[in-house]
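Sharing a structure with you now.
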Amino acid sequence: NAGVTQTPKFRILKIGQSMTLQCTQDMNHNYMYWYRQDPGMGLKLIYYSVGAGITDKGEVPNGYNVSRSTTEDFPLRLELAAPSQTSVYFCASSRGGNQPQHFGDGTRLSIL
Amino acid sequence: GENVEQHPSTLSVQEGDSAVIKCTYSDSASNYFPWYKQELGKRPQLIIDIRSNVGEKKDQRIAVTLNKTAKHFSLHITETQPEDSAVYFCAATLITSYGKLTFGQGTILTVHP
């Protein structure tokens, strides 16, 4: 089992560019999450999904979009990248709302 | 929404000592409280969690206590080792809220040999 896999690991974007952060899990988990972690801070929830076709906003959704067409994949889309979106992005999955969340290795994104 | 405060922000101990990290939460309905360990440049990893129907849970050198009345929970690490050095995050959620975790700000634990 690979668990939760995120790509790419690192990326530098220019202001105004767009990109998609990929996340896939092979544990057949229904619940998936996207967090961002700013330097020296805790994680903040961007979006989450409780199953294919179902997504909802978290605490800091502005500037991001998600989709969930399959159980395995939960990509995060950045449109019109801004310097404030420089962060480390973590994807996580779990079997349910009261179950442990398993994190990917993260994507370190810099926007210059 | 939920708010989680974590203290201290940094903690330095000698190897073999105990370490205690405390978190307070604002939403009395929260009922699931996980703790994560994050080594530098790595992913957060769950080390222990507790649900509100339990006051204490222990796993070898790690324990978590929960005081629902005071709305705080604590991580206790005994017999600390240098490999315990990391950033520790507490979190809270309401089980019926789809696992939307609210994290504390983190505690940098340094264990000196």
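Calculate the tail of P(r) for the protein assembly as shown: the fraction of all Cα-Cα distances greater than 31 Å, expressed in %.
Result for the distance tail: 21 percent.
GNM on chain A, C-alpha springs below 10 Å: top fluctuator among A:Gly51, A:Gly42, A:Gly63?
A:Gly42
Quick one: P(r) of the stretch B:16-62 from all Cα-Cα pairs, 5 Å bins, percents rounded to integers, in order of increasing distance.
Using 5 Å bins, I get a P(r) of 5, 14, 24, 25, 19, 9, 3, 0 for the stretch B:16-62.
Could you work out the equivalent-ellipsoid semi-axes for chain A, taking the square root of 5 times each eigenvalue of the Cα gyration tensor, largest first, in whole Å?
Rounded to whole Å, the semi-axes are 22, 14, 13.
To check my understanding: the extent here is largest minus smallest coordinate of the Cα atoms along each principal axis. What are those three numbers for chain B, in Å, largest first?
Projected onto the principal axes, the Cα atoms of chain B cover 42, 28, 20 Å.
Taking a cut-off of 19 Å between Cα atoms, list the lysines near B:Lys22, but don't count ones fewer than 8 places away on the same chain.
B:Lys37, B:Lys57, B:Lys58, B:Lys68, B:Lys71
So between A:Ser67 and A:Ser84, what do we pick up on full extension, going 0.36 nm a residue minus the alpha carbon distance? Intermediate results must be reported in sequence, preceding the final value.
Details: separation 17, 0.36 × 17 = 6.12 nm, distance 2.23 nm.
Gain on extension, A:Ser67 to A:Ser84, equals 3.9 nm.
Once you've got the GNM for chain B with C-alpha springs shorter than 10 Å, pick whichever of B:Lys68, B:Lys42, B:Lys22 has the biggest mean-square fluctuation.
Result: B:Lys42 has the largest fluctuation of those listed.
Would any residue of the stretch A:1-28 have its amide N under 12 Å from a label point 7 Å out along Cα→Cβ of A:Arg95? List them or say none.
Residues A:28 qualify, since their backbone N sits under 12 Å from the label point.
What is the mean number of Cβ atoms from other protein chains located within 10 Å of the Cβ atom of each residue in peptide B:37-49, rounded to a whole number?
That works out to 4 on average.
So what J values fall out for the stretch A:36-45 if you push phi through Karplus, 6.51 cos²θ - 1.76 cosθ + 1.60 with θ = phi - 60°, rounded to Hz, Gly and Pro as x?
With coefficients 6.51, -1.76 and 1.60, one gets 10, 10, 7, x, x, 10, x, 8, 10, 6 Hz.
Determine the sum of side-chain charges near A:Gly104: Lys and Arg each +1, Asp and Glu each -1, restricted to other residues whose C-beta is under 14 angstrom from that of A:Gly104.
Details: positive: A:Lys9, A:Arg36, A:Arg108, B:Lys42, B:Arg43; negative: A:Asp26, A:Glu72, A:Asp73, A:Asp105.
Around A:Gly104, the charge tally is +1.
Every number in this text was worked out from the coordinates using simple rules, so none of it is lab data. Values in this document were obtained by computation on a predicted structure and should not be read as measured data. Neighbour counts run over all protein chains shown; Cβ positions are idealised from the backbone, glycine included.
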